[in-house]
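Taking it in order: structure first as structure tokens, then the write-up.
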Amino acid sequence: MSIYRGIPRKLNSILYDLQQDKVYELKEYKEQRNKKQNSKYWKLVGELSLVTKIGIEEIHFDMLKNYSQRYEILVPSDKEIRGIDYFEKKSTINKNGKEYTVYHVFTPSHELNESEFSILMKGLIEECKQVGIDTRSPEEIQREEMLYANI
């Protein structure tokens, strides 16, 4: 499977040369977070879990609710919501004589782009600091120690 990235004019010539009997998906490219950010996120979630005695998944869901992208969907109340990992039932409404459940759906962390993930990470760091967790990475600690040693 080939992945093509570029501005529309560049992609236009690529699209023209693709096999015409296949179906393709075209979506906007968003920079994803890196492995280092992901590793720090889960390390801090784990530390927050230990300090607060709240499960890792519950903390992760709380972080998504407080700092991730959110949208709202209506689902007929007689239907079950499926295929969505992070959601919360908010209310029910009647529309055109039919009852609907209103859900808030939260974007999973692995689908956040770099700037969206940065907001999530900043929120997590603030929550960790509130309970006394040192949020600096080993590299940050080492840099600070070297600075103080040179004073």
Q) Can we say residue 117 is hydrophobic (A, V, I, L, M, F, W, C), on the phi < 0 side of the Ramachandran plot, touching an Asp or Glu at 6+ places or on another chain (Cβ under 9 Å) and touching a residue at least 24 places away in the same chain (Cβ under 8 Å)? A) no
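Test residue 47 against the stated conditions and say whether it is of a type outside the set (A, V, I, L, M, F, W, C) and within 30 Å of residue 137 (Cα to Cα).
Working: of a type outside the set (A, V, I, L, M, F, W, C): yes; within 30 Å of residue 137 (Cα to Cα): yes.
Yes: the conditions hold for residue 47.
Restricting to segment 88-109, give me the number of residues that are farther than 16 Å from residue 66 by Cα, open to solvent by 30 Å² or more (accessible area, probe 1.4 Å) and outside any loop (DSSP other than H, G, I, E, B).
Here is the first cut: in segment 88-109, the ones farther than 16 Å from residue 66 by Cα are 91-102.
In the following step, the residues that additionally are open to solvent by 30 Å² or more (accessible area, probe 1.4 Å) were identified as 91-100.
With the extra rule that they be outside any loop (DSSP other than H, G, I, E, B), the set shrinks to 91-95, 98-100.
Final tally of qualifying residues: 8.
Go over the candidates 62, 85 one by one and state the one that is part of a loop (DSSP other than H, G, I, E, B) and charged (D, E, K, R).
Just one listed residue meets the conditions, 85.
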Q: Among what's in segment 132-151 and is among the aliphatic types (A, V, I, L, M) and exposed (fewer than 11 other Cβ atoms within 10 Å of the Cβ), pick the residue that is modelled with the highest pLDDT.
A: 146
**Q.** Output for segment 124-139, where each listed residue is among the charged types (D, E, K, R), outside any loop (DSSP other than H, G, I, E, B) and either over 21 Å from residue 67 (Cβ atoms) or touching an Asp or Glu at 6+ places or on another chain (Cβ under 8 Å) (or both)
**A.** 139
Q | Given (1) of a type in the set (Asp, Glu); (2) more than 24 Å from residue 135 (Cβ to Cβ); (3) modelled with pLDDT under 95; (4) more than 12 Å from the chain's Cα centre (by Cα), index of the condition residue 85 fails | A | (4)
Q.
Kindly evaluate residue 106 against the criterion of being in contact with a Lys or Arg (Cβ under 9 Å, 6 or more places away or on another chain) and under 23 Å from residue 49 (Cβ atoms).
A. yes
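Yes/no per residue for (1) touching an Asp or Glu at 6+ places or on another chain (Cβ under 7 Å); (2) of a type in the set (A, V, I, L, M); (3) in contact (Cβ under 8 Å) with a residue 24 or more places away in the chain:
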{"position": "79", "(1), (2), (3)": "no, no, no"}
{"position": "89", "(1), (2), (3)": "no, no, no"}
{"position": "93", "(1), (2), (3)": "no, yes, no"}
{"position": "99", "(1), (2), (3)": "no, no, no"}
{"position": "109", "(1), (2), (3)": "no, no, yes"}
Q | Single match in 73, 56, 93 (criterion: in contact with a Gly (Cβ under 7 Å, 6 or more places away or on another chain) and of a type in the set (Val, Ile, Thr)) | A | 56
Q. Name the residues in segment 57-70 that are open to solvent by 50 Å² or more (accessible area, probe 1.4 Å), in contact (Cβ under 8 Å) with a residue 12 or more places away in the chain and out of contact with any strand residue (DSSP E or B) (no Cβ under 8 Å at 6 or more places or on another chain), would you?
A. 66, 67
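The values are calculated or read from the model by the stated rules, or taken from the named source; none is laboratory data. The model shown is predicted, which means the values in this text are computed figures rather than measured ones. Reconstructed Cβ throughout: ideal geometry from the backbone, glycine too, with neighbour counts over all protein chains shown. Protein only, heavy atoms only, side chains kept; ligands, DNA and RNA dropped before computing areas. Shrake-Rupley method; radii C 1.70, N 1.55, O 1.52, S 1.80 Å.
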